[in-house]
1. Can you compute 3J(HN,Hα) from phi for each residue in the stretch B:166-176, using the Karplus curve 6.51 cos²θ - 1.76 cosθ + 1.60 with θ = phi - 60°, rounded to whole Hz and x for Gly and Pro?
2. In nm, to one decimal, how far is the A:GLU200 label point from the B:GLU403 one, both placed 7 Å along Cα→Cβ?
3. If the cut-off is 12 Å between C-alpha atoms, which aspartates and glutamates fall inside it for B:LYS332, apart from same-chain ones fewer than 8 positions away?
4. Please list, or write none, the aspartates and glutamates whose alpha carbon is within less than 17 Å of the alpha carbon of B:LYS402, excluding same-chain residues fewer than 8 places away.
5. At 1.4 Å probe size, with every protein chain present, just tell me what the per residue accessible area of the stretch B:140-288 comes to in Å².
6. Say the cut-off is 19 Å between C-alpha atoms; which of A:LYS107/A:LYS190; B:LYS243/B:LYS366; B:LYS76/B:LYS243; B:LYS50/B:LYS76 go over it?
7. Given 5 Å bins starting at zero, what is the percent of C-alpha pairs of the stretch B:1-71 in each, up to the one with the largest pair distance?
8. Listed highest first by mean packing, meaning other Cβ atoms within 10 Å per residue, what order do A:184-190, B:365-371 come in?
Amino acid sequence: MATTSFKINIVIDGKDYAGEPNQTVLDVARANSVDIPTLCFNPLFPEQRIGSCRLCLVEVKAGGRPGLQPSCTMPVSSGLSVSTISDAVYQARRTVVELLLSEHVQKCRDCPVSGECQFAKLCRDYDINGVPVCAECPNQGEGCLLTRGELCLGPLTYANCNAYCTRKGYRCEGCHSIMANEDILRFGLKAYKDAGFTKEEILVAAKVFSYDSMEMLEKIMTQEGF
Amino acid sequence: MSEININVEHLTRVEGHGNIVLNAKDGTIEKIQWQVSEAPRLFESFVRGKPYNQLAPITSRICGICSIGHTLASLKATEAAMDIEISEQSQKLRRLAIHAENLQSHILHVGYLVAPDLFGVGSVVPLVGSNPDEVLAIVKLHRQANLMSDLICGRTTHPTNLVPGGIYKTPSPYALKDIRQNLLDMVPTGNAVGEVILANAGALPDFKRDTEYIALVTDDEYALYDGMVGSTDEEPQHADAYKTIVNEFVVPYSTAKFTKNKRDSYMVGALARFNLNADKLSPLAKEWADKFGLKPVNPNPFMNNVAQFVEFVHSIEDSVRIIDELLDGGMKQEPTPKVTPKAGRGVGAVEVPRGLLFHEYEYDDKGNCVKANCVIPTNMNHNNINQDFAAFAPTLLDRPEKEIELNLEMLVRAYDPCISCSTHYLNVEWVNGSETKKEGN
């Protein structure tokens, strides 16, 4: 007679799933294609559960201590019911991304992760405007349109479009408007300086979609020695 | 007899805001008007001072549906002003872009906006329940047209790939082959949709009013991208002379300018193109025109819906022809065009889904725009709609008020008006609380 392995039944978003005794809620969710975002969890080292990024928060509805709990460190237990899509979960995760973003060094054009940036994806998923188009753009390094002489507005423009135009090789027109974060603008402007664009050229291009930001952009450009 | 007071404010299932006003007493009409109440757009003034390469992206925002047409008219005006030649390959790709837009727009109008009238329901939503297969076929056709636009133009709306001097980045031959296959797959689906429209075409009122039809004409093709401005009433003229063709004037009840040429009004759009160029349609499109009994010159504005479907079929077949030419000729990756700006004036005329579109620009020697003028197809149709009302309404007066209203609404919808695009004038002066309008540019 074949041995049947011992299964624990849990409920995620109202649907029944079966997990092994040594699994966490995150494991069961991933095994069943339920989306739970993570940043600190590294799939290469699944045994390490740091539980520090707090993005995998789920809301315990029944069968455990009620409230928001990190799913990566929560073992499955019989009768457990969690929600991954409740308002409380969305708001908590959004706050987490916002807090991470406030500390994030916006050097997307140097970051090796750029192009497939998890963080940019999270900003998109949780409707946070904070990263430039470069964070989502796959044309890094040699492929950068700026270095090829195209006046791409990617470094100055809010992302959340998954770099729709630059991904296909067209310059960014800046239709999501110029970012309000002066530090990011300062960093982005260095790229234009390296590529040899003048103040006048950049302002004329940016003015189409960001008339309101012209004063700020001009001030920063003057400070940066354009 | 009773009084009839119809005031449709605003008409639904059209783009923008327009009102229908009908007041009749004892069988005589006191007032019948097509009013455009949309706010002016002021595009012509805010492109002033902008460099030549920004004009197409800005003016394409006049419309979300005809953005490709606006881009091409804008580019053609810029290229005419600066004497820029574009390669044959770019010309062909631009023709594909126009077809992509025609496919998108015509199926949207016929499928989502007119079909509910043919089935006697209020919108496309009830049709999802009653005729799911047909609605899904229309969604599928629309999607394929969007994919084609995405490939050729870089986006489904507001193109990034069309630039002064040609094409920014040549699409790969492999992607074009995919699009070709998609287009071939569209033919049976399109035929099925055509049969449904044909079966319900009896719902289109039989109303005739002779008017002037204006559209681009050429000797060798069903003119959409290029050609002379032809008319049923006069010899073809060069687009440069567009001001003597459109003859814009202002009426107090409309924020859009009205136009007329040889007669009281004229019509542009799919029916005008069909009436002038029917013999140059593709074989399958001709077949469909015969099935619908559509023959030039057809004076029934409601047949514009049918003409749109015929053009839809033509666009599929002609796109396949152009793609075959491109692939057989050996596509090459052309470099991004470089333009040397210079002073000049140019007019661009393109046939967009709703009819003939003009853009005119004047540039200084640095390539900055000094003056711009855009004449939008719906702009030219407003007067014709108004004249149609005057002829159509008296034939309806013995019917119930709801039916009169529906017929008048269907008449406006047949023109596929893009109302907010058409409101182009400047200088509104408020004098003692009453509004007097001055013609701008």
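1. Once θ is set to phi - 60°, the couplings for the stretch B:166-176 become x, 10, 5, 9, 5, x, 6, x, 5, 5, 5 Hz.
2. 6.9 nm
3. Excluding near neighbours in sequence, the set is B:GLU88.
4. Correct list for B:LYS402: B:GLU3, B:GLU9, B:ASP117.
5. On the way: 5860 Å² over 149 residues.
For the stretch B:140-288, the solvent-accessible area averages 39 Å² per residue.
6. Working: A:LYS107/A:LYS190 11 Å; B:LYS243/B:LYS366 26 Å; B:LYS76/B:LYS243 17 Å; B:LYS50/B:LYS76 17 Å.
The pairs that break the limit, which is 19 Å between Cα atoms, are B:LYS243/B:LYS366.
7. 3, 14, 15, 15, 12, 11, 8, 7, 6, 4, 2, 1, 0
8. Details: A:184-190: 20.0, B:365-371: 15.4.
For the peptides A:184-190, B:365-371, the packing ranking is A:184-190, B:365-371.
The values are calculated or read from the model by the stated rules, or taken from the named source; none is laboratory data. These numbers were taken from a predicted model, which means no experiment stands behind them. For neighbour counting, all protein chains shown are included, and Cβ atoms are generated from backbone atoms with ideal geometry for every residue, glycine included. Keep in mind that these areas ignore ligands, DNA and RNA; they rest on the heavy atoms of the full protein, side chains included. Shrake-Rupley method; radii C 1.70, N 1.55, O 1.52, S 1.80 Å.
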